[in-house]
Amino acid sequence: MAACGRVQLLLLLLTAQCCFVLLVAGLRPPASVNLHPPLIAINRPLKAGAAPNGGNAGAASSVSQPRRSGGWKLAEEEACREDLSRHCPKHTWNNNLAVLECLQDTKEVNISADCNHVSFLFSPDILVYKCLFNHKFEEAMSEKCRDALTTRQKLIAQDYKVSYSLAKSCKADLRKYRCNLDTNLPRAREARLSYLLLCLESAVHRGRMVSGECQGEMLDYRRMLMEDFSLSPEIVLHCRGEIEAHCSGLHRKGRTLHCLMRVGRGDKGPIDNLCQNALQALIQSADPGADYRIDRALNEACESVIQTACKHIRNGDPITDASSTLSCSETPADLTINCVPHRLDPVLYRKCQNDASRLCHTHGWNETSELMPPGAVFSCLYRHAYRTEEQGRRLTRDCKVEVQRILHQRALDVKLDPELQKRCMTDLGKWCSEKTETGQELECLQDHLEDLVSDCRDVVGNLTELESEDIQIEALLIRACEPVIQSHCHDVADNQIDTGDLMECLVQNKHQKEMNDKCAVGVTHFQLIQMKDFRFSYKFKMACKEDVLKLCPNIKKKVDVVICLSTTVRNDTLQDVKEQRVSLKCRRQLRVEELEMSEDIRLEPELHDSCKKDINRFCSAVSFGNAQVIECLKENKQHLTHTCHQKVFKLQETEMMDPELDYQLMRVCKQMIKRFCAESDAKNMLHCLKQNKNSELMDPKCKQMITKRQITQSTDYRLNPVLRKACKADIPKFCQNILNKASDDNELEGEVISCLKLKYADQRLSTDCEDQIRVILQESALDYRLDPQLQLHCKDEITHLCAEEAAAQEQTGQVEECLKNNLLKLKQEACKKEVLNMLKESKADIFVDPVLHTACALDLKHHCAAITPGRGRQMSCLMEALQDKRVRLQPECKKRLQDRIDMWSYAAKVAPAEGFSDLAVQVMTSPSKNYILFMIVLAICTLFLVGLLCGRITKRVTRELKDR
């Protein structure tokens, strides 16, 4: 037995020699990593009472069992006999540990060098093992030494009491937190290292005090478990196939475990459930999420990031961010994917333990005896994280912040979300096999939402719904949008709890100068995803969900819900109902959604799908933002396909009824609206701008945009809501024949408005309608483009006779004046008729003839100030003044007025009579009226004489036949 004991001593000497060789080779642990607890905790002398118990008996060394039963004693070593006689009581000599403690308590100078060396080698708590463990996988380490170290580590993993320093340092804490095994369990006397670690880690996570010495020892042995998979029998047993197939040759510094983790997340093929469970159990025991230094592979991969991006984080802080360099981000991702989130993340556990107990009924959460399925607690927590006050109990603010942090990390990679990866594996392969960049897979699944299988669609839908409430889950988008957030959205971004405000702010500022392409694309993509389901717009969902259930049941797509609700609001407004069916809070949010949709044609899928061919044909070079494609389609409206033309007409009709939805108008005229129309209602915004169009303070670009909208309105009375309302009785009365041939979705090219203009000249319109037509006449007299019928019928004449006037940038009636002056040169009857109609209209009111009105402004003020405008009264006043030799008119006015009289005379000659009244007027104003009247009387007399002289033509009948 003594020989056996000496063999063990030789083994220790060999081990010491190995360490010496390593130290000579210059091997040292990385400077950034403090792997050892304070030396005072490691080298503290052993106490006398520690030896007799069974725990210490097994802690002498890796071969302590032979020593416990053998006869070899330290007191018998020749090198120490004299020192023992001088310093150690004789009754302790039979107890090796007591002798060792005695020698350690004695100062080194009082002990011989040989005895000091022997006690150093014999001590189970010396730095030699720790030094060797730290350099176990270095190239200078011999295989024999590495095998011996592995054997000792396996013994420690099987029974933590083999490590004397660990057992001694943690003895009080184990007793304090009742980490004693059930003695009824098989092999209960072998205290598994994993059990010790789990029990004490649970105490630390709950905020309990564990001594620094014990935590230092735990750190070393947790790192040991993460470094060598062979120390876990379950891994060796259940993961043998995966290791041989995928991880051969990766046996150093924890690389095998990380390889298995990548297999577990699906990168290299399927993994057996038993292997997966063993892997999770090991990581749970080692708890690398609590301190990055535990995982050597993580520490080495992320060293540069730690020294730069994370230099403000203290050593020992938990892993909370998986975004860094590519090689570094892969490693924490392995940990995140292969572990139950709450077990991995001590910060989450600390912040949420009370919430988990209160809401998820997990008393003793994270204890070793917990049998809840993986992910169940976290799923429960995030279901409660996004509840409203009305929905009941919610998470505390601190816990919700941590839950959101986990979701932010998961959004970077679908593989960080085990549920998503599990249910969407088939769809990922089918639709997203080429999307390999960070964050692309989730975007791809969202793009193909309608094509996914139901289980995957539900998971993606739920995650997208969460993103709508907290867009910071989209970490890549937030990173890209950082400049815009800092400049325009910092107020809402600083809120720890987001409720959709940040995304709304980004949408509103999508065209600011700080906005970059990546951010704009990301924001637009999220808007497009929101169109698939109204639930994906958190603020819209919360404001309108009751209204949707009541008014728009069974409608899912957001665009359809918006149309349904806006139609309801419009109908209630037109019918002047006392109480709107759509609630006030929903109407307010509905307005926000409508304004957002008007910015990009892609946000209106029906319009976009109907006009795809036309967009490719006419607007291929136009970008989608700022409603530029919509504006392009409007400008090419005459050339669009029938279906697209109808959709654009409907869109214009909606915008004219509610100008606030006209994105281009509101954008270009934003400052002018503030200047001229700050007090105007949104419905009357365009009307207000038209009234101030010719102001000297009007911005030229805004004026040009107003003119565009006026041209659009002139094409159809339905695009002019004010005119439509004012003339609702006159239009069917005077223009029914035009209405009969009209279609719902196509313009009438100004025919109804032209009809009303003629009736205005005849003074037959109602007062309200007459006022509106007068405004239209005044506007069209200044700009020929506002008269579609004139443009249509006089296109060639304008090109040949009035090209210079038509090319003028500012239209002031010069084209109309040109056509009037060239009336005799007009060859097309349709064009001549339109010009004659203009003359007829101007005769009815001088205000609709801007050239004449400008020339005669002073004369009107002097001679006709008392005359009420309208119905040709002021025009008659000027004509009387022209004939009165006592009145001297301005030369320009006199000339223009005489020209008009000549034109009216010619018009009266060539204009066809449209009725008996027109015929009578033409006869009475004709120079040959006496001849015409004589011939009419002669014809009547001739007819009378013929009847008188020729008798009756019909045959006489008897009275009886008449009375029958």
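What follows is calculated from the coordinates using simple rules that are stated; it is not laboratory data. All figures in this text were calculated on a predicted structure; none of them were measured in a lab. Positions of Cβ are backbone-derived with ideal geometry, glycine not excepted, and every protein chain shown enters the neighbour counts.
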field: Nitroxide proxy distance, nm - points 7 Å out along Cα→Cβ at THR643 and LEU697
entry: 4.9 nm
query: Exactly which trypsin sites (Lys or Arg not before Pro) in segment 578-643 are in a DSSP loop and have at most 12 other Cβ atoms within 10 Å?
result: LYS578
Ordering of 848-854, 649-655 by packing [mean C-beta count within 10 Å, highest first]: 848-854, 649-655
field: Candidate lysines for bridging to LYS513, where Cα separation is under 24 Å - those fewer than 8 sequence places away on the same chain excluded
entry: LYS670, LYS674, LYS701
- prompt: Gain in length, PHE137 to LYS670, computed as 0.36 nm per residue apart minus the alpha-carbon separation, to one decimal in nm?
  reply: 184.9 nm
task: Once you've got the Cα coordinates, tell me which of LYS843/LYS895; LYS422/LYS557; LYS759/LYS795; LYS741/LYS843; LYS634/LYS703 are over 20 Å apart.
output: LYS422/LYS557; LYS759/LYS795; LYS741/LYS843
- prompt: How much FRET efficiency would the formula 1/(1 + (r/R0)^6) give for THR151 and HIS525, where r is the Cβ-Cβ distance and R0 is 51 Å, rounded to 0.05?
  reply: 0.35
- prompt: Could you give the nm distance between label points at MET935 and TYR906, where each point is 7 Å from its Cα heading toward the beta carbon?
  reply: 2.5 nm
- prompt: For the peptides 779-789, 168-178, what is the packing order when you average, over each peptide's residues, the other Cβ atoms within 10 Å and list the highest mean first?
  reply: 779-789, 168-178
- request: Would you mind pulling out the separation of the Cα centroids of segment 723-737 and segment 211-251, in Å?
  value: 87 Å
message: Taking 0.36 nm per residue of sequence separation and subtracting the Cα-Cα distance, how much length would be gained by fully extending the chain between ASN94 and LEU948, in nm to one decimal?
response: 290.4 nm
query: For segment 733-810, what is the charge dipole size about the Cα centre, in debye to the nearest 20, if Lys and Arg each add +1 at the Cβ and Asp and Glu each add -1 at the Cβ?
result: 420 debye
message: Highest mean first, how do 679-690, 706-717, 477-488 rank when packing is the count of other Cβ atoms within 10 Å averaged over residues?
response: 706-717, 477-488, 679-690
statement: Sorting ALA627, ALA682, THR654 by the position of each Cα along the dipole of segment 602-732 (Lys, Arg +1; Asp, Glu -1; all at Cβ), the one nearest the positive end of that ordering is ALA627
query: Using a simple spin-label model with points 7 Å from Cα along the Cα→Cβ vector, what separation in nm is obtained for ASN273 and ASP572?
result: 5.4 nm
task: Grab the Cα-Cα distance for ASN354 and ASP447, subtract it from 0.36 nm times how many residues apart they are, and report the gain in nm with one decimal.
output: 29.6 nm
Of LYS90/LYS161; LYS693/LYS757; LYS650/LYS825, pairs whose Cα-Cα distance is over 32 Å: LYS650/LYS825
statement: The size of the Cβ-based charge dipole (Lys, Arg +1; Asp, Glu -1) of segment 417-469 about the Cα centre, to the nearest 20 debye, is 260 debye
From phi via Karplus (6.51, -1.76, 1.60), per-residue ³J(HN,Hα) for segment 881-895 in Hz, x at Gly/Pro: 5, 5, 7, 7, 5, 7, 9, 10, 7, 4, x, 5, 5, 4, 5
task: Convert each backbone phi in segment 520-532 into a coupling constant with the Karplus relation 6.51 cos²θ - 1.76 cosθ + 1.60 (shift: θ = phi - 60°), then list the ³J(HN,Hα) values in order as whole Hz, x for Gly and Pro.
output: 4, 5, x, 5, 5, 4, 5, 4, 5, 5, 4, 5, 6
- prompt: Which of the aspartates and glutamates could be linked to LYS612 by a straight reach, that is with a Cα gap under 18 Å, when you skip same-chain ones fewer than 8 residues away?
  reply: GLU599, ASP600, GLU604, GLU631, GLU635
